[in-house]
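Right, one structure below, let's go through it.
Every number in this text was worked out from the coordinates using simple rules, so none of it is lab data. These figures come from a predicted structure and were not determined experimentally. Note that each Cβ is placed from the backbone with ideal geometry, even for glycine, and that neighbours are counted across all protein chains shown.
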Amino acid sequence: MSVDRIEAQRIAAELEEPVRQARALAETLGLSPYEVNYWIVDHDEMNALIAYGGFQHRYPHWRWGMAYDRQRKERQFAGGKAFEIVNNDDPAHAFLQQSNAMADQKAVITHVEAHADFFANNEWFGLFADDLDAAAMLERHAERIESIMSDPEVDREAVERWIDHVLCLEDVIDQHTEFVRTVESEVTETDPLADEIAALDLSDEVRREVFDDEWLERIEEEAGVEGPAVDLLAFLRDHGMAFDEDEGKAVEFEEWQREVLDVLRTEAYYFAPQRMTKVMNEGWAAYWESIMMAGETFAGDDEFVRYADHQARVLGSPGLNPYKLGKELWEYVETVANRREVAGKLLRVEGVSWRNFHDVIDFDDVLSALEPPPELDSIAPNRLDDLAERDDGTVDHEAIERARSGDADIERYPWTVLTEDGMARRHFSLVKPQHRGALSRIGQRELERLSRYMFDEDRYATVEAALDDVDFGAGWNRMREVRESHNDVTFIDEFLTQEFVDEHRYFTYEYVHASGENRVTSTDYEDVKRKLLLQFTNFGKPTVAVEDGNFRNRGELLLAHRYNGVMLDVKQAKRVLERIFELWGRPVHLKTIVKELDDKDVEIARRRNREPEPKERGRLVSFDGDSISEQELAWAEVEDIAADDVDYDTKPEEWLA
């Protein structure tokens, strides 16, 4: 046995208790995660797992080697450090690096438990499969593609090129629909005569004169599309053809080509929810990790400084940081729900109304009353009698008896004597230093909404009586509701408010042509939200759909870019069209809108210290197998893909229907 393996076993033994206690703590906090299998890996194994997207077995392809090399260099030269990797599976699998200190390992374990809870309870993950065994699925995929590459009848390089073609389109799926694992597509058989007609490149007028209208309409219907097809991979699988260079025409897919396409499409759907919920998921994990490690002192006295450094690195990384943004938004969701709960009770006090709320409520007194009682705030062996006297559902009386008999170590694990209600009371957000001003900031409009459905019989005689009735779990309950149905787009759209933007000092910036530099342009929450949502809608990638599978009555493919004010990278789009051609076998076209700035207009705007107004024009980019061409389209031909504002489709109940 190698020394490394012996060391890994030693570390695993040390982590058994922290893993067990972290799970117990997570469940006491109200989380319900998948079971998690923890694995100890070395530095190189961790790099490989990160490159493979969190799994040990993936199909053979150069992309994994490139990702591994990038990860290795980042850690070697840029000082990056891998703390953990966890995958969405039931049970989930988490990998801990053996060189990490115990404080880091504990932080990773608490983080992982929260991720496993998110995987198990977010409905977007449920769209892929109810009975999940992702590791086995991906291993089967790897073995199948390897067997195809090993087949003497198949050119290995051809398989690799085919994978390259498909991977260019892995984001062009309908991630808002439930994935059907079994392929049940009805592939339209291509009429060979139709192919011959298409090859003649006849005008529409000649085609109508020579061929029977009924026959032509049938051919068009077979190759056409009913409405925009968002899942381009499925459309190509069902209707595409491979271009054969030797024959110079489209030919039916070989069985291995269709199988590889379907395998990669399946994996795209599996990974889609993780990309759709990056901010939510990482923020969720960061929030509960902080509650456990710092709030419940899961990090010991000798580990806390190291943990604080760990958390600072994660939350302080530059750029758009999903951990930081997500954690701040979750804290806002919690605090707003708690604020509404408390304000709703106070509005029922005799003599208090939404009009005089800020004048008659003493917020300092209210916050003092909401502070957790000493026996809950600082659990200790000498306060067990005080805890035992509580009959409000906040304590576990059986656990208290175990602690009295020495069977529970409440100095190390104080949460063991509390229930979920007790934990909510102990961590109520409104009394935390960073949120103490939230209650007094509540606006008149919100107070009026809360008052709208109150009746006289709901009244309390005093503020004290109202506060005795507060549900301290309101914030966590609301967080769990949001966790179930939202993704990043709906999450940001609903909860990024002006109050949030002001509190956390978010702003937008843009390149200003007049000055030739980037400048802050807005602190309005709608502008901030719009900028953020552009980065998360469809994974931040352009939304493209199939508009016509028989464009120009020639069996050509027309794609439409849903323009949201952001131009396509036309150079990149041309390269992608070349890939799609290999999967369609006939000319492909992309309809989009481009912005054009006239040099003269830019100069005039610069002199007047204002921004020039770009002109929007329709554009058709085409690839016929030999060359790329572009032509301008009349606005009437593209107005259906133009949006006055970004259409985010931000109603989760409709997406999930």
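Worth a mention:
- Farthest toward positive dipole pole in region 351-477 [+1 Lys/Arg, -1 Asp/Glu at C-beta], among Ala380, Trp415, Leu447: Leu447
- Per-pair calculated FRET efficiency, R0 = 22 Å: His57 and Ser317 via Cβ, rounded to 0.05: 0.15
- Pairs exceeding 21 Å between alpha-carbon atoms, taken from Lys432/Lys531; Lys529/Lys571; Lys327/Lys432; Lys324/Lys432: Lys432/Lys531; Lys529/Lys571.
- Computed from backbone phi with θ = phi - 60° and the Karplus coefficients 6.51, -1.76 and 1.60, the 3J(HN,Hα) list for region 551-557 is 4, 6, 6, 10, x, 8, 9 Hz; x is used for glycine and proline.
- Contour excess over end-to-end distance, with Cα ends at Glu464 and Glu526 and 0.36 nm allotted per residue: 18.4 nm
- Length gained on full extension, Asp133 to Lys541, computed as 0.36 nm times the residue gap minus the Cα-Cα distance: 144.1 nm.
- Each residue, Asp4 and Val570, gets one label point 7 Å from its Cα in the Cβ direction; the gap between the two is 5.1 nm.
- For region 256-365, applying the loop criterion from DSSP together with a ceiling of 13 other beta carbons within 10 Å to the trypsin sites (Lys or Arg not before Pro) yields Arg355.
- Cβ charges +1 (Lys, Arg) and -1 (Asp, Glu), total dipole of region 322-497, debye: 800 debye
- Summing +1 for each Lys or Arg and -1 for each Asp or Glu among the other residues whose beta-carbon sits under 12 angstrom from that of Phe428 gives -1.
- Extending 7 Å from the Cα toward the beta-carbon at both Arg144 and Lys249 defines two label points whose distance is 3.1 nm.
- Karplus 3J(HN,Hα) series, Hz, for region 357-365 with 6.51 cos²θ - 1.76 cosθ + 1.60 (x for Gly, Pro): 3, 6, 8, 9, 8, 8, 5, 5, 5
- Potential lengthening of the chain between Glu123 and Gln498 amounts to 132.2 nm, from the contour at 0.36 nm per residue minus the alpha-carbon distance.
- Charge dipole (region 322-497, unit charges on Cβ, about Cα centre) - positive-most of Val333, Leu347, Thr394: Val333
- Take the Cβ atoms of Ala67 and Ser99, set R0 to 30 Å, and the FRET efficiency comes out at 0.90.
- Placing +1 on each Lys and Arg Cβ and -1 on each Asp and Glu Cβ, with no other charges, gives region 284-340 a dipole about its Cα centre of roughly 360 debye.
- Of the GluC sites (Glu not before Pro) in region 331-427, the ones in a loop by DSSP (not H, G, I, E or B) with at most 15 other beta carbons within 10 Å are Glu350, Glu389, Glu411.
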